[in-house]
Amino acid sequence: MQSAICTLVFSVLLAVPMYAQTTGTTLLVDIDHRPATSLNGEWHTIVDQYSTGLYNLHQQLRKDGFFMNAPFDPNGNPQDYNFANAPTLRVPGDWNTQRPELLYYEGPIWYEKDFQHTAAPNTRTFLHVGAANYRTVVWVNTKKICEHEGGFTPFDCDITAALHDGNNFVVLSVDSTRIADGVPTLQTDWWNYGGLTRDVSLVTVPTQFIDDYDLHLSKNDHSIIEGYVHVEGASPGTPVTVTIPELQAKVESTIDANSRAAVSIPAKSVSLWSPDNPKLYTVEISSGPDRIEDNIGFRTIETRGTQILLNGRPVFLRGISIHAEAPYRTGRAYSEKDVETLLGWAKELGCNYVRLAHYPHDERMTRAADRLGLMVWAEIPDYWALRFDNPAVLAKSKQQLAEMIRRDRDKASIILWSVANETPNTEARTKYLTAMVDLAHQLDPTRLVTAALLVRTEKTAAGSNKIVDDPLGKALDVIGVNEYIGWYEQHAEGADTTTWDIRYDKPLIMSEWGGDAKAGNHAPSGDIHPALWTEEYQAEIYRHQIAMLNKIPQLRGTSPWLLMDFRSARRVNPGLQDNFNRKGLVSDQGVKKQAFFVLQKAYKDKTLGKAE
Ligand code: GCB
């Protein structure tokens, strides 16, 4: 039986045609704390632009495709492929930045790796894929195991039945082709990095194993930690134990008919997680032969009117938006070093919050945010104009939301789930995203749900009035708004004469604002009207924005766009962009621009936003 995530999501996916399905996957939580055999490293790869490894000349599925990994035809016919001699690509890692000829490649690439295995009795072995962009099919020893659609969330496939003792091989087809009915869809302002972009490993667990849990502080009583533990395959009555040694807390519970054990742990004197006190407790969860250990922080997050309350106290989110772009080397970020650099800059800026745009980042990011005391806005790629009228697309969004929540619900740092960014205000969109908000609340009633909205502008005698009345706001706990005064509209000074009319009695986060500057591109000194693309002009935008933002009474946070320049196919202005979005406060090569220091000063002196 598949676990809850699959049952929930895949029942809605049945109508999707063959090669765009997610089938046969589950998701084991806390995977980074389980013993695993890493399959990272060099994989043999075949670039297969026409999908000839999958389809024959009449576009029918082949029985003898590349997944057979059979370089020699038994009948002596020539074979068109041979993994053993094929060049390799590094995993994890996008393919675009590994070989110059793959920079612009979108399409399928085949990956193959050999590995040794010895079966242990009463165990199951899963292939864990941290992320593969965008559609993936997995075969082990020629048997098709699972398919996954979605480029930023992890999945696990049970490969136990396909394994044998000794040498085994796994073949994956990863197809990065953008599709209209995908999530995201055809247009994005980031590079469509293809490949096995995050860790791949083998994870062996007992036949009955802990695959999901949620442990959080009760909203109503800070001396109780509550939640559930799900044990896959366990029958009712199976015991579960949760221990938090530092709190001298230990509870026993039993599995119910849904393979879940309800947990309620009296835990007086919990030191609450916050940016000033990013306290994590070791939590041990065991059931039968399975045992896992996690590091979990405990805190509450809620809204009261226009306030955001962390542990019952008003908080202002001093943040920055971040793409999962690797500092210095470019490409998709995946390593501990990438995380240290990106979040290190965020701390240096004086942030207590980061917006991880526009899709789930590597789990290392949210783990590090937990340790560093950075509150997180986590998002799925419901970006721009998805096919909101297509139920199959909604199913894909739901799947990604469920996977993100399942992977990251143990991170105290995450306070906001975002269901969308800059979507068009249509009835179909509002219905679709309201369903997404409902699902987020249903899967995780302990966190706030938001989305980055677009605003309406009306001219006024003095300047302009920005009206926030997108109907989606009704469903959200916290309103996110993106605006680019000084870049896509008006001049930086336009912010001085802009007023804000927010039609919701809810907290507001200015989730994006900013402008481009090429690092090292300077206006002549003393120039009071610096030109676009200069560091001086970007800094000017920041100064005027900060003054304007401070006049919005219900502003509870801000995450300007963005920490570091990132690769984007839309940005084709030669000499200035060269396929990079230059709105970073830091260049892709780590050079800090002037605006970095403007924002840093405002955050450190607390002159942006209300003091808590
Ligand atoms: C936006 C988008 C973001 C873009 C940014 C830009 O509003 O949300 O993904 O990268 O603007 O630079 O235009």
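The values are calculated or read from the model by the stated rules, or taken from the named source; none is laboratory data. None of the values given here were measured: they were computed from a predicted structure. For neighbour counting, all protein chains shown are included, and Cβ atoms are generated from backbone atoms with ideal geometry for every residue, glycine included. Heads up: the accessible areas ignore ligands, DNA and RNA and are worked out on the full protein's heavy atoms, side chains in. Shrake-Rupley method; radii C 1.70, N 1.55, O 1.52, S 1.80 Å.
Would you point out which residue out of Gly584, Gly590 is in contact with a Lys or Arg (Cβ under 9 Å, 6 or more places away or on another chain) and either over 23 Å from Leu310 (Cβ atoms) or buried (at least 23 other Cβ atoms within 10 Å of the Cβ) (or both)? Gly584 is the lone residue from the list that is in contact with a Lys or Arg (Cβ under 9 Å, 6 or more places away or on another chain) and either over 23 Å from Leu310 (Cβ atoms) or buried (at least 23 other Cβ atoms within 10 Å of the Cβ) (or both).
So is Phe596 open to solvent by less than 60 Å² (accessible area, probe 1.4 Å), within 14 Å of the ligand (Cβ to nearest atom) and within 30 Å of the chain's Cα centre (by Cα) or not? So Phe596 fails the test.
Conditions (1) open to solvent by 10 Å² or more (accessible area, probe 1.4 Å); (2) free of Cβ contacts under 8 Å to residues at least 12 places away in the same chain, marked per residue:
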position: Ala369; (1), (2): no, no
position: Gly373; (1), (2): no, no
position: Asn390; (1), (2): yes, no
position: His441; (1), (2): yes, yes
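The strands (runs of 3 or more DSSP E) falling completely within region 19-124 that include 1 or more residues that are of a type in the set (Val, Ile, Thr) and farther than 20 Å from Asp199 by Cα map to 41-47.
As a summary of the residue check, Asn77 satisfies the conditions (1) open to solvent by 40 Å² or more (accessible area, probe 1.4 Å); (2) over 14 Å from Leu202 (Cα atoms); (3) in contact (Cβ under 8 Å) with a residue 24 or more places away in the chain; (4) of a type in the set (S, T, N, Q) except for the one numbered (3).
Being in contact with a helix residue (DSSP H, G or I) (Cβ under 8 Å, 6 or more places away or on another chain), open to solvent by 30 Å² or more (accessible area, probe 1.4 Å) and over 20 Å from Asp444 (Cα atoms) holds for only one residue in Pro278, Pro314, and it is Pro278. Given the criteria within 16 Å of the ligand (Cβ to nearest atom), in the same structural domain as Trp561 (by TED's automatic domain parsing) and touching a Leu at 6+ places or on another chain (Cβ under 9 Å), does Ala378 qualify? Answer is yes for this residue.
Listed by first and then second residue, the pairs with beta-carbon distance under 9 Å, at least 6 apart or on different chains, first residue in region 511-529 and assigned by TED's automatic domain parsing to the domain that holds Gln554, second within 16 Å of the ligand (Cβ to nearest atom) and open to solvent by 80 Å² or more (accessible area, probe 1.4 Å), are Gly515/Tyr488; Gly515/Leu532; Asp516/Leu532; Ala517/Leu532. Selection of region 113-151 for residues being farther than 13 Å from Leu27 by Cβ and of a type in the set (Phe, Trp, Tyr) yields Phe115, Tyr134, Trp139. Residues that are open to solvent by less than 20 Å² (accessible area, probe 1.4 Å) and outside any strand (DSSP E or B) within region 129-147 comprise Gly130, Ala131, Tyr134, Asn141, listed in sequence order. Only one of the listed residues (Ala262, Ala346) is touching a strand residue (DSSP E or B) at 6+ places or on another chain (Cβ under 7 Å), surrounded by fewer than 15 Cβ atoms within 10 Å (Cβ to Cβ) and not in a loop (DSSP other than H, G, I, E, B). That residue is Ala262.
When each of Gly331, Gly305 is tested for being within 28 Å of Ile380 (Cβ to Cβ), crowded, with 20+ Cβ neighbours inside 10 Å and of a type in the set (Gly, Ala, Ser), the lone residue that passes is Gly331.
If the condition is being touching a Leu at 6+ places or on another chain (Cβ under 7 Å) and part of a loop (DSSP other than H, G, I, E, B), then region 583-608 contributes Lys583, Gly584, Leu585, Lys593, Leu608. Annotation: of all residues in region 349-366 being touching a Ser or Thr at 6+ places or on another chain (Cβ under 9 Å), among the charged types (D, E, K, R) and away from the ligand (no atom under 16 Å from the Cβ), the one that is least open to solvent (accessible area, probe 1.4 Å) is Asp362. Among the residues of region 535-543, none qualifies, meaning not one is within 16 Å of the ligand (Cβ to nearest atom), open to solvent by less than 40 Å² (accessible area, probe 1.4 Å) and in a loop (DSSP other than H, G, I, E, B).
Would you confirm whether any residue within region 184-199 is in the same structural domain as Trp43 (by TED's automatic domain parsing), in a strand (DSSP E or B) and either away from the ligand (no atom under 16 Å from the Cβ) or among the hydroxyl-bearing types (Ser, Thr, Tyr) (or both)? Taking every residue of region 184-199 in turn, at least one turns out to be in the same structural domain as Trp43 (by TED's automatic domain parsing), in a strand (DSSP E or B) and either away from the ligand (no atom under 16 Å from the Cβ) or among the hydroxyl-bearing types (Ser, Thr, Tyr) (or both).
Note on region 483-533: among residues that are open to solvent by less than 10 Å² (accessible area, probe 1.4 Å) and part of a loop (DSSP other than H, G, I, E, B), the one that is nearest to Thr423 (Cα to Cα) is Glu483. Quick check on region 546-575: of everything there that is closer than 13 Å to Ile485 by Cβ and within 14 Å of the ligand (Cβ to nearest atom), which residue is surrounded by the fewest Cβ atoms within 10 Å (Cβ to Cβ)? The residue in question is Trp561. Out of all the residues in region 405-421, which are touching a strand residue (DSSP E or B) at 6+ places or on another chain (Cβ under 9 Å) and not hydrophobic (A, V, I, L, M, F, W, C)? Within region 405-421, Arg406, Asp408, Arg409, Asp410, Lys411, Ser413, Ser418, Asn421 meet the criteria. Highlighted here are the strands (runs of 3 or more DSSP E) found entirely within region 266-314 that include at least 3 residues which are touching a residue at least 12 places away in the same chain (Cβ under 8 Å), within 25 Å of Arg407 (Cβ to Cβ) and not charged (D, E, K, R): 281-287, 290-296.
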